[in-house]
Amino acid sequence: MRYLVNSEEMKRCDGNTINEFGMPSLVLMERAALAVYEELVSGGFDLSRVLVVCGSGNNGGDGFAIARLLHLSGKRVDVLFAGKPESLTEETQIQKKICENYGVNVGSNLNISEYTSIVDALFGVGLSRNIEGRYAALIGDINRSGIPVLSVDIPSGISADSGHVMGTAVKAAKTVTFAFEKIGHILYPGSEYCGELKLCAIGIDDRGFMGQVPGAFTWEESDIPKLLPERKAYSNKGTYGRGLLAAGSRDMAGAACLAGKAAYKTGTGLVRIYSEDCNRQILQTLLPEAVLTSYRKGEEGAALADALQWADACAVGPGLSVSSEKLEILQTIIRSGDIPAVLDADALNLLSVHMELLEGHRQPLILTPHIGEMARLTGIKKEELILDLPGYCHDFARKNNVVCVLKDARTVVSDGKSIYINTSGNDGMAAGGSGDVLCGLILGLLAQGIPPFRAATAGVYLHGLAGDDARRRCGARGMLAGDIAESVGAVMSWDTEDGRASQAK
Ligand SMILES: NC(=O)C1=CN([C@@H]2O[C@H](COP(=O)(O)OP(=O)(O)OC[C@H]3O[C@@H](n4cnc5c(N)ncnc54)[C@H](OP(=O)(O)O)[C@@H]3O)[C@@H](O)[C@H]2O)[C@@H](O)CC1
Ligand SMILES: Nc1ncnc2c1ncn2[C@@H]1O[C@H](COP(=O)(O)OP(=O)(O)O)[C@@H](O)[C@H]1O
Ligand SMILES: [K+]
């Protein structure tokens, strides 16, 4: 698990490390500068003539220290000081003075085009408003120059809190950040502006939070063993849960099949698909392992109540379609009581015009809207939602007492307390049916007894890993949602050495 911090959390951690643990600020700055220096000299940048662009804050202080280290190692380096002298922080003032004492050329009007590499130390996590005027012009010149840029901590102009471009921003080839990744490195468009992201330790760690841990986190590969449901040699299909999937309609049998397959591939003992009668043959052909309960129009009710009694967890929505009968199915599931349920796709479309169904619900609910569905659920425009995916996801989860999985290229999950931001997956997943696979995956984890927020976050992470595995096998353009479902099986064995070995093949 890795924390993802915002600027306030990072500053608090910096501050505690300096003021409570007594680590001098200039020592941290020196380590930050050394980390960037190491990255520069390890290759990838042409260091024949380096320009370090510095602001007045401590990001600029890192820049001056980097320039000094390059100068002392014999590189030709100049500093463009773009900040205001009267705003220099104490540390940056010291670093600037040291540079000048060593004879580093510090100017305020240098010709960018003469350099082979640029180090961007204009603004870091202290960026507090949109960039305008001469700073914006300078960033425009840097971007237009086409000279490779290494950004210190975060590309100047990217909000560490949201990944938004604050007016304008430096497009970096590489970004070296310190202690923790910031939310703005992970969310788009910030993620693209960073180029390759390198995280370096500089002597600040989570002890610096002093018990007040950050609100956001992401899973990583070392977490896989604890995210997967347990397997036992002495077991049978009853050991691994029963998942009920209410999905599919006349024109959308495939969605039920993809979700059902993904649920099985997580290791679920039994998956029952509750679908329209006309899908019976196709589902039995495509997913013979599934138990089927089918219904004719007008006869939806009775069999569903029995199936809900049978199940340990339920998912509703993939390919369900929208009608008054389907609304009754959703109503029955939400009112049925106690098993955890995933509401996806058409279940969310039905819900968006019947939000009263969520009032006073008793069982744990996981809602998995993409941004369009979230806009329908909340009445908030898509353009508004993308400005703050974590904030809207968190608020929706808290207000409705649900787990919200807000799907995007960086999916955000919240239970109204913590925020998970996903870092697995790829653009090959931007194709019809990927969401159905996610729904089935979460259902499978729930059916095996994984608690709702863990099932949602682990489901999203494993889904992305399955997407990455599918891309390795089929390529981003060639992969289909069925390939992601297929790869779920491989990813679910990555907690064992054999599983890892097959991943490497
Ligand atoms: N010891 C530590 O703490 C460590 C910190 N470290 C480094 O410090 C960085 C954080 O430093 P920081 O907090 O001083 O802020 P920073 O990013 O330099 O920006 C503040 C300056 O920008 C200005 N400014 C802001 N927005 C603006 C705008 N739109 N347009 C124009 N001006 C604007 C603002 O001006 P003001 O708002 O005061 O007018 C102020 O002058 C961090 O990212 C990391 O690199 C590392 O060395 C590790 C140890
Ligand atoms: N560019 C991308 N990078 C990573 N994941 C993506 C990307 N595009 C889509 N996805 C993932 O694919 C899934 C798409 O779900 P959804 O929009 O419901 O598709 P569908 O309705 O076609 O099944 C989501 O889990 C989303 O996070
Ligand atoms: K920067």
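The values are calculated or read from the model by the stated rules, or taken from the named source; none is laboratory data. Quick caveat, the model's predicted, so the values are computed rather than measured. Positions of Cβ are backbone-derived with ideal geometry, glycine not excepted, and every protein chain shown enters the neighbour counts. All accessible areas refer to the heavy atoms of the entire protein, side chains included, with ligands and DNA or RNA removed. Shrake-Rupley method; radii C 1.70, N 1.55, O 1.52, S 1.80 Å.
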Problem - Between 0 and 90°, nearest 10: helix 90-101 axis offset from the chain longest Cα axis - result: 50 degrees
Handout entry: Accessible area of the range 241-504 divided out per residue, in Å², using a probe of 1.4 angstrom
Key = 39 Å²
Practice task
Kindly list the residues of the range 312-336 that lie in the label zone of SER235, defined by a backbone N under 18 Å from the point 7 Å along the Cα-to-C-beta vector.
Solution key: 312-313
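Out of every Cα-Cα pair in the range 1-125, what percent are more than 26 Å apart? List each step's numbers first, then the result.
On the way: 1646 of 7750 pairs.
Cα-Cα pairs of the range 1-125 separated by over 26 Å account for 21 percent.
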Handout entry: Per-bin percent of Cα-Cα distances, the range 297-355 [10 Å]
Key = 23, 59, 18
Problem - Exposure rule at most 13 other beta-carbon atoms within 10 Å, DSSP loop chymotrypsin sites (Phe, Trp or Tyr not before Pro): the chain longest free segment - result: 235-505
Practice task
Working from Cα positions, state the angle (0 to 90°, nearest 10) between the long axis of helix 481-491 and the longest principal axis of the chain.
Solution key: 80 degrees
Exercise for the section: Within the range 90-149, list the trypsin sites (Lys or Arg not before Pro) lying in a DSSP loop whose Cβ has at most 10 other Cβ atoms in a 10 Å radius. Expected result: ARG129
Problem - Listed residues SER235, TYR37, ALA137: farthest to the positive end of the dipole of the chain (Cβ charges) - result: SER235
Problem - Probe 1.4 Å - accessible area at ARG68, Å² to nearest ten - result: 20 Å²
Practice task
Evaluate 2.2 N^0.38 Å with N set to the residue count of the chain, then give the Cα radius of gyration divided by it.
Solution key: 1.12
Problem - Size-normalised alpha-carbon gyration radius of the range 346-490, reference 2.2 N^0.38 Å - result: 1.02
Exercise for the section: Report the extension gain between VAL291 and LEU72 in nm, rounded to one decimal, defined as 0.36 nm multiplied by the number of residues separating them, less their alpha carbon distance. Expected result: 71.7 nm
Problem - Degrees, to the nearest 10: 452-474 long Cα axis against longest axis of the chain - result: 80 degrees
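When the accessible area of the range 2-218 is split by element with a 1.4 Å probe, what percent falls to carbon and sulfur? Walk me through the intermediate numbers first.
Details: 4270 of 8900 Å².
Of all accessible area on the range 2-218, carbon and sulfur atoms account for 48 percent.
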Handout entry: Stokes-Einstein D (µm²/s) once Rh is taken as the Kirkwood radius of the range 241-504 over alpha-carbon pairs, at 10 °C in 1.306 mPa s
Key = 88 µm²/s
